[in-house]
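Working notes for the structure below.
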Amino acid sequence: MRIIPLSELRDTKHISDIITEEKEPIFVTKQGAQHLVVLPHDLYVEMERKIKALNQ
């Protein structure tokens, strides 16, 4: 699990490289508090599939 401050999102190539390599979400903070979660598309699709299966 990686946590970064919002200011680091400016380096989009670096963020993309991290997500591609680690295949895990990045948690983004704003002024020290939870703010965003950035995750790879394939992980998002898998999570969405699992949620739909649970709701059936």
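The values are calculated or read from the model by the stated rules, or taken from the named source; none is laboratory data. Everything quoted here is computed from the prediction, not taken from an experiment. FYI the Cβ positions are ideal-geometry reconstructions off the backbone, even for glycines, and counts take in every protein chain you see.
Would you call ILE51 touching an Asp or Glu at 6+ places or on another chain (Cβ under 8 Å) and without any contact (Cβ under 8 Å) to a residue 24 or more places away in the chain? It is false that ILE51 is touching an Asp or Glu at 6+ places or on another chain (Cβ under 8 Å) and without any contact (Cβ under 8 Å) to a residue 24 or more places away in the chain.
Residue count for the stretch 17-56 satisfying the condition of being farther than 17 Å from LEU6 by Cα and of a type outside the set (A, V, I, L, M): 16. Of the strands (runs of 3 or more DSSP E) lying entirely inside the chain, none contains at least 2 residues that are at positive phi and out of contact with any helix residue (DSSP H, G or I) (no Cβ under 9 Å at 6 or more places or on another chain). Mind checking whether some residue in the stretch 24-31 is of a type in the set (Asp, Glu), modelled with pLDDT under 95 and loosely packed, with under 12 Cβ neighbours inside 10 Å? No; the residues of the stretch 24-31 include none that is of a type in the set (Asp, Glu), modelled with pLDDT under 95 and loosely packed, with under 12 Cβ neighbours inside 10 Å. SER16 fulfils the conditions (1) in contact (Cβ under 8 Å) with a residue 12 or more places away in the chain; (2) surrounded by 10 or more Cβ atoms within 10 Å (Cβ to Cβ); (3) of a type outside the set (D, E, K, R) except for a single criterion, (1).
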